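K.L.:
Handing you this structure, nothing more for now.
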Amino acid sequence: MLAATLAAGEVAVIGPAAPTAAEATALRELRHYVAQAAPAGFVTADGIADVEFHVGNTAAAAALGLDLATLAEDEYVIRSSGNRIVIVGGGSRGTLYGVYRFLEKYLQIHWLAPSVEVVPVHADTVALDTLDERVRPRFDYRAIFPDTASNDDGGAFAVRNGLNGYGTLGISPQYGGAMRFGSPDHCHTFDLYFPEAEYKAAHPEYFALVGHRRVGGQFTGQICLTNPEVLRLTIANLKQYIEADEAAAARAGLPPPAMYEISQNDN
């Protein structure tokens with residue numbers, strides 16, 4: 001086990017012997033913010049002061065019957081037992097969400113923007129309730145689309161606020177990665193399904209009628225949504241994308257994309 005006792009208080013933060021990249025982040029974040037915000041440490045609902053946090057896929061989690069295989073993607077559990085506080089989650093990000101939930105609820109830490117955080121310092125011992133939370137997000141995909149020219153923090157701001165998507169910036173493995181869209185892209189895909197250069201000459205009827213002209217192209221036109229052949233080809237192409245993505249994911253040892261997006265061109 002990995003353990004670190006914070007010099008400022010009787011708090012140990014313990015993780016798996018071989019933490020995943022996201023579990024290592026969860027351990028680091030909990031140590032970092034507890035040292036800042038709770039220098040006097042914690043006291044449990046039973047009056048115990050020498051608190052231990054067990055974070056991730058630990059023996060303490062197993063002792064409470066918390067099997068990662070039973071936790072859904074992004075689901076997490078925060079549970080106390082004696083002087084132990086166990087935080088564990090499913091998938092790649094669940095444990096991180098549990099840590100951030102604890103920091104928000106009990107230390108009133110908030111991340112208001114990628115460069116703005118609120119970390120109040122608690123001069124007295126922080127009193128904890130009996131902890132028993134099991135939380136599963138109601139939405140599978142939770143995202144914002146930030147300015148792509150800035151704010152690239154590896155996904156820290158997104159995951160600290162319960163998101164699992166971060167526009168084109170993505171989320172790094174240390175923050176659990178992002179929920180992925182399948183091919184060909186995450187938005188504005190009509191033109192990728194029906195490239196004007198490939199289809200326009202032989203099948204102008206595949207493209208939208210604007211005035212008296214058939215107009216395609218990502219920044220100029222759309223596809224014809226009333227054409228049954230367009231619908232048939234869209235479904236056929238989507239199936240091909242799914243099959244190719246599943247094969248590529250299997251070769252890479254990764255889960256396949258969970259979502260596919262079909263939407264209008266960007267104009």
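K.L.:
Taking H as built 1.01 Å from N, whose amide H comes closer than 5 Å to the amide H of I109, not counting residues under 5 places away?
P.N.:
When sequence neighbours closer than 5 places are left aside, the close amide H contacts are E104.
K.L.:
Does segment 125-252 come out rounded, prolate or oblate by the C-alpha gyration tensor, with a ≥ b ≥ c the root eigenvalues, rounded set by a/c under 1.5 and, if not, prolate when a/b is larger than b/c and oblate if not?
P.N.:
The shape class here is prolate.
K.L.:
How many nm separate the modelled label positions at L209 and A35, each set 7 Å beyond the Cα in the direction of the Cβ?
P.N.:
For L209 paired with A35, the spin-label model returns 6.9 nm.
K.L.:
Turning to a different aspect of this structure: Rounded, prolate or oblate: which fits segment 11-67 when a ≥ b ≥ c are the square roots of the eigenvalues of the alpha-carbon gyration tensor, with rounded for a/c under 1.5 and prolate only if a/b beats b/c?
P.N.:
Since a/c reaches 1.5 but b/c is at least a/b, the shape of segment 11-67 is classed as oblate.
K.L.:
Now for a different question. Find the relative contact order for the chain and round it to a whole percent, using C-alpha pairs within less than 8 Å whose residues are 6+ positions apart.
P.N.:
14 percent
K.L.:
Treating the angle as unsigned and between 0 and 90°, give the value, to the nearest 10°, between the Cα long axis of helix 94-107 and the longest Cα principal axis of the chain.
P.N.:
With rounding to tens, the tilt is 50 degrees.
K.L.:
By how many degrees, between 0 and 90 and to the nearest 10, does the Cα long axis of helix 228-252 differ from the longest principal axis of the chain?
P.N.:
Computed tilt is about 40 degrees.
K.L.:
Which order do the peptides 244-251, 32-39 take when ranked by the mean count of other beta-carbon atoms within 10 Å per residue, highest first?
P.N.:
For the peptides 244-251, 32-39, the packing ranking is 32-39, 244-251.
K.L.:
Something else now. Accessible area per residue of the chain at 1.4 Å probe, in Å²?
P.N.:
Result: 50 Å² of accessible area for each residue.
K.L.:
Can you give me the C-alpha center-to-center distance between segment 32-70 and segment 82-137, rounded to a whole angstrom?
P.N.:
Here the two parts' Cα centres lie 10 Å apart.
K.L.:
Hey, another quick one. Under the definition of Cα pairs under 8 Å and six or more residues apart, what whole-number percent is the relative contact order of segment 43-142?
P.N.:
29 percent
K.L.:
Would you rank R31, R138, R213, R84 by solvent-accessible area, highest first, keeping every protein chain in place and using a 1.4 Å probe?
P.N.:
Final ranking, largest accessible area leading: R138, R213, R84, R31.
K.L.:
Would you work out if segment 86-154 is rounded, prolate or oblate? Take a ≥ b ≥ c from the square roots of the eigenvalues of the alpha-carbon gyration tensor; rounded if a/c is under 1.5, else prolate when a/b is larger than b/c, oblate otherwise.
P.N.:
In terms of gyration-tensor shape, oblate.
K.L.:
Within a Cβ distance under 14 Å of P204, other residues only, what is the Lys/Arg minus Asp/Glu net charge?
P.N.:
Taking every Cβ under 14 Å from that of P204, the sum is -1.
K.L.:
Just to confirm the filter: which chymotrypsin sites (Phe, Trp or Tyr not before Pro) across segment 131-189 are DSSP coil and have at most 15 other Cβ within 10 angstrom of their Cβ?
P.N.:
Listed in order of number, the matching sites are F139, Y141.
K.L.:
In the full protein assembly as shown, how much of I223 is accessible to a 1.4 Å probe, in Å² to the nearest 10?
P.N.:
For I223, the solvent-accessible surface is approximately 10 Å².
K.L.:
Name the residue, out of V11, V230, V51, whose mean-square fluctuation peaks in a Gaussian network model built on the chain with Cα pairs under 10 Å.
P.N.:
V230
K.L.:
If amide hydrogens are placed 1.01 Å from N in the peptide plane, which non-local residues have theirs closer than 5 Å to the one on G155?
P.N.:
S172
K.L.:
While we're here: (1) 61, 19, 13; (2) 48, 19, 13; (3) 33, 20, 19: which one is semi-axes √(5λ) of the Cα gyration tensor in Å as calculated from this entry?
P.N.:
The value computed from this structure is option (2).
K.L.:
Round to the nearest 10 and give me the degree value, 0 to 90, for the angle of helix 21-37's Cα axis relative to the longest principal axis of the chain.
P.N.:
Taking the Cα atoms of the chain, the angle to 21-37 is about 50 degrees.
K.L.:
Using a 1.4 Å probe on the protein chains only, how many percent of the accessible area of the chain belongs to carbon and sulfur?
P.N.:
Carbon and sulfur together cover 54 percent of it.
K.L.:
Calculate for the chain the 222 nm mean residue ellipticity that helices alone would give, adding -39,500 (n - 2.57) per DSSP H run of length 4 or more and normalising by residue count, nearest 500 deg cm²/dmol.
P.N.:
-8500 deg cm²/dmol
The values are calculated or read from the model by the stated rules, or taken from the named source; none is laboratory data. From a predicted model like this one, the values you see are computed outputs, not experimental measurements. Cβ atoms come from the backbone with ideal geometry, glycine included; neighbour counts cover every protein chain shown. Ligands, DNA and RNA are stripped out before the accessible areas are found, and what is left, the full protein with its side chains, is counted by its heavy atoms. Shrake-Rupley method; radii C 1.70, N 1.55, O 1.52, S 1.80 Å.
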